[in-house]
1. Pulled fully out, how much extra length does the chain show between residue 72 and residue 28, if you take 0.36 nm times their separation in residues and subtract their Cα-Cα distance?
2. In whole Hz, what ³J(HN,Hα) sequence does the range 92-104 give by Karplus (6.51, -1.76, 1.60; θ = phi - 60°), x for Gly and Pro?
3. Let me spell out the model: positive unit charges on the Cβ of Lys and Arg, negative unit charges on the Cβ of Asp and Glu, origin at the Cα centre of the chain. What dipole size does that give, in debye rounded to 20?
4. Remind me, relative contact order of the chain in percent, using alpha carbon pairs under 8 angstrom and six or more residues apart?
5. Using a Gaussian network model of the chain whose springs link C-alpha atoms within less than 10 Å, name the residue from 101, 72, 35 with the highest mean-square fluctuation.
6. Please tell me the relative contact order of the range 62-127 in percent, rounded to the nearest whole number, where contacts are Cα pairs under 8 Å and at least six residues apart.
7. Over all pairs of distinct alpha carbons, what does the Kirkwood formula give as the hydrodynamic radius of the chain, in Å?
8. Using a simple spin-label model with points 7 Å from Cα along the Cα→Cβ vector, what separation in nm is obtained for residue 100 and residue 37?
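Throughout, read-outs are computed from the coordinates displayed, never taken from laboratory work. Predicted model, so just to flag it, every value in this text is computed and none were measured. Cβ coordinates were reconstructed from backbone atoms using ideal geometry, including for glycine residues, and neighbour counts include every protein chain displayed.
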Amino acid sequence: MAPSSTHTEITTIVENEEDYPKLVAPQAAPRKYDIVYFNLLTFGYAHLITLYGMYLAWTTATWKTLIFNHIIFMLAAVGVTAGAHRLWTHRAYKAKMPLQIILMVMNTLAFQNTAIHWVREHRMHHR
Ligand SMILES: [Zn+2]
């Protein structure tokens, strides 16, 4: 099939899109949006301080600081993905108390609220 005919088919489909009714899930209710000011302030602060950290990384930070930053970043990533996401939100595996405490501390390094908040909001995300 030549590329021009494929383009014509796609164009035809897009042109006929208005002929079909918009599908809405029957359980979907109208969404109510609220500004979470705590998140706005804390995440706004995190982004601003990240910009300052990037400035320092390119201007005055030593290699030791950059390596330390990378280690903290990786620990935080594991804390969120293995802890808050897989362990507590989806209960993908079980962990004994020492590992749970380690993952909780690692999760706090990510600056993404508490693990309890993270789990609640992520469970809402999957509904
Ligand atoms: Zn998930």
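1. On the way: separation 44, 0.36 × 44 = 15.84 nm, distance 3.98 nm.
Working it through step by step, the gained length comes to 11.9 nm.
2. Ordered by residue, 3J(HN,Hα) equals 6, 7, 10, 9, 6, 4, x, 5, 4, 5, 4, 5, 5 Hz.
3. Values: 11 positive and 7 negative charges, 212 e Å.
For this selection, approximately 1020 debye.
4. Numbers: 60 pairs, mean separation 26.1, N = 127.
Reported relative contact order: 21 percent.
5. 35
6. On the way: 57 pairs, mean separation 24.9, N = 66.
Relative CO of the range 62-127 lands at 38 percent.
7. Numbers: mean 1/r = 0.0524 Å⁻¹.
It works out to 19.1 Å.
8. Taking the simple label geometry, residue 100 and residue 37 are separated by 3.5 nm.
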